[in-house]
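The values are calculated or read from the model by the stated rules, or taken from the named source; none is laboratory data. This is a predicted model, so every value here is computed, not measured. Cβ placement follows ideal geometry from the backbone for every residue including glycine, while neighbour counts extend to all protein chains displayed. The protein model used for the area step is the full one, side chains on, heavy atoms only, and it has no ligands, DNA or RNA in it. Shrake-Rupley method; radii C 1.70, N 1.55, O 1.52, S 1.80 Å.
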Amino acid sequence: MPNLVITGASGFIGVNLLRRIHADPAFDRFDRLVLIDPLQYGIQKIPAEILHDERVLFEQASIYSPAVVARLIRGGDVVIHLAAEVNTAARPQDGVADDPVGYLRALADAGIARLLFMSSADLYGVNNSDDLLESDAVAPTTIYSAAKAAFEAYLSAFAASHGLPVVVFRPVTVYGPQQEPGWLVPVAITRALAREPVTIIGDGTTRRDWIHVDDVCELLTLATLLPGTDVHGQTFNVGTGHEWTVLELVRHILTETGRPTGDIDFAPGRRGDPPRQITTAAKARTMFGWAPTIGLADGLNATIAAYRQLAQDRGE
């Protein structure tokens, strides 16, 4: 049987995806779960019960090493590519500095069955669209989003020239448990729980479509298991179709943590930061029979509860 390979398995989306699929009988069609991650934060986040499963193989390595691909990936495997360089409020300009061409050539040579690539809706850059579509122009405004666009271009080239079976996802801002603290939601929650002011970059009027990580993982699950080849070569936006301003989101977090809604500091805005980002993800809904089920208020409250429990477990 083929393997299911997840790169970036110890990251935010990777860990939540593993929690979703590990005990799902539908994944018995795969011989093993091969998990690859360089542990760039120096912390193993994959739960012990998953790591110790006899069907699970974990490798601490960069997926961009040809030797790693040759040793761990074989014909018929499905690869979920979640590996990414850090992209946070503190480091928004970082991009992929590895060798995507060599990596994709190795995947093509191996004869994999499907590659799911996690890109970003940041590719659309500055826009005022009520509903971003996959056909909209790509206009990255950061090095991070430019790197994603470049990777997508390589994917397109390998799909055309080598028949690489690629599926691309462009999610809006993803949030939820296990997220690195550099992102707005975990930063706001951790500072509010610590009774410290929350800093907003800009004036807070930036509008975003936030999607809970569980909804993203459900879509990845469906895309992994979908039979046939109709999905190959396609790109899908991932979002809820609902938006809040940054100020609304932070005030909600402050209220739910018992803090004054005015406990906010404002920092200068960043050039190139898109003022709006929203998509109903109609194409993904149609292709996969998927729809997000977690509203932002409920998702934020659950995320706050998870971070509060984590702080209690740490004795904070």
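Out of curiosity, is Ala84 open to solvent by 20 Å² or more (accessible area, probe 1.4 Å), modelled with pLDDT under 95 and closer than 20 Å to Gly176 by Cα? Yes, satisfied.
Working only within segment 110-142, note down all residues that are farther than 18 Å from Thr240 by Cβ, hydrophobic (A, V, I, L, M, F, W, C) and assigned to a loop (DSSP other than H, G, I, E, B). Of everything in segment 110-142, those that are farther than 18 Å from Thr240 by Cβ, hydrophobic (A, V, I, L, M, F, W, C) and assigned to a loop (DSSP other than H, G, I, E, B) turn out to be Ile112, Ala113, Val126, Ala137, Val138, Ala139. Looking only at residues in segment 99-135 that are charged (D, E, K, R) and crowded, with 16+ Cβ neighbours inside 10 Å, the one that is nearest to the chain's Cα centre (by Cα) is Asp122. Within segment 214-226, is there a residue that is more than 23 Å from Gly125 (Cα to Cα), hydroxyl-bearing (Ser, Thr, Tyr), outside any loop (DSSP other than H, G, I, E, B) and touching a residue at least 60 places away in the same chain (Cβ under 8 Å)? Scanning segment 214-226, I find at least one residue that is more than 23 Å from Gly125 (Cα to Cα), hydroxyl-bearing (Ser, Thr, Tyr), outside any loop (DSSP other than H, G, I, E, B) and touching a residue at least 60 places away in the same chain (Cβ under 8 Å), so the answer is yes. Looking only at segment 167-174, decide whether some residue is farther than 22 Å from Gly125 by Cβ and either of a type in the set (A, V, I, L, M, F, W, C) or touching a Leu at 6+ places or on another chain (Cβ under 7 Å) (or both). Checked segment 167-174: at least one residue is farther than 22 Å from Gly125 by Cβ and either of a type in the set (A, V, I, L, M, F, W, C) or touching a Leu at 6+ places or on another chain (Cβ under 7 Å) (or both). Could you tell me whether Leu249 is surrounded by 21 or more Cβ atoms within 10 Å (Cβ to Cβ) and either touching a residue at least 24 places away in the same chain (Cβ under 8 Å) or part of a loop (DSSP other than H, G, I, E, B) (or both)? Yes, satisfied. Within segment 170-223, if we keep just the residues that are open to solvent by 10 Å² or more (accessible area, probe 1.4 Å) and of a type in the set (Ser, Thr, Tyr), the residue that is nearest to Glu256 (Cα to Cα) turns out to be Thr190.
The set of residues from segment 23-43 being at pLDDT 95 or above and open to solvent by 30 Å² or more (accessible area, probe 1.4 Å) comprises Asp24, Pro25, Ala26, Asp28, Arg29, Asp31, Arg32.
The residue that is nearest to Thr141 (Cα to Cα), among those in segment 268-289 that are of a type outside the set (Lys, Arg), surrounded by fewer than 18 Cβ atoms within 10 Å (Cβ to Cβ) and modelled with pLDDT under 95, is Gly272. Here Thr190 clears all of (1) polar (S, T, N, Q); (2) under 21 Å from Gly299 (Cα atoms); (3) without any contact (Cβ under 8 Å) to a residue 12 or more places away in the chain except the condition numbered (3).
Counting only residues that are among the small types (Gly, Ala, Ser) and under 18 Å from the mean Cα position of the chain (by Cα), how many does segment 2-56 have? Walk me through how you get there before you give the answer.
At the first step, the residues of segment 2-56 found to be among the small types (Gly, Ala, Ser) are 8-11, 14, 23, 26, 42, 48.
Adding the requirement that they be under 18 Å from the mean Cα position of the chain (by Cα) leaves 8-11, 14.
So the answer is 5.
Rundown of residues vs (1) within 21 Å of Ala223 (Cβ to Cβ); (2) not hydroxyl-bearing (Ser, Thr, Tyr), yes/no style:
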| site | (1), (2) |
| --- | --- |
| Leu4 | yes, yes |
| Val15 | yes, yes |
| Ile36 | yes, yes |
| Tyr41 | no, no |
| Phe58 | no, yes |
| Ala67 | no, yes |
| Ile73 | yes, yes |
| Ala83 | yes, yes |
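Here segment 1-24 is the region considered, the condition is being in a loop (DSSP other than H, G, I, E, B) and hydrophobic (A, V, I, L, M, F, W, C), and the residue that is farthest from Gly176 (Cα to Cα) is Met1.
Can you pull out every residue in segment 172-213 that is of a type in the set (A, V, I, L, M) and assigned to a loop (DSSP other than H, G, I, E, B)? Scanning segment 172-213 gives Val172, Ala194. Residues in segment 25-77 that are in a loop (DSSP other than H, G, I, E, B), touching a strand residue (DSSP E or B) at 6+ places or on another chain (Cβ under 9 Å), more than 14 Å from Pro2 (Cα to Cα) and in contact (Cβ under 8 Å) with a residue 40 or more places away in the chain: 2 in all. Residue count for segment 290-315 satisfying the condition of being surrounded by 19 or more Cβ atoms within 10 Å (Cβ to Cβ) and not in a loop (DSSP other than H, G, I, E, B): 6. Screening Pro260 on (1) of a type outside the set (Phe, Trp, Tyr); (2) without any contact (Cβ under 8 Å) to a residue 24 or more places away in the chain; (3) assigned to a helix (DSSP H, G or I) shows it passes everything except condition (3). Looking across Val56, Val69, Val78, one residue alone is surrounded by 19 or more Cβ atoms within 10 Å (Cβ to Cβ), of a type outside the set (D, E, K, R) and at pLDDT 95 or above. It is Val78.
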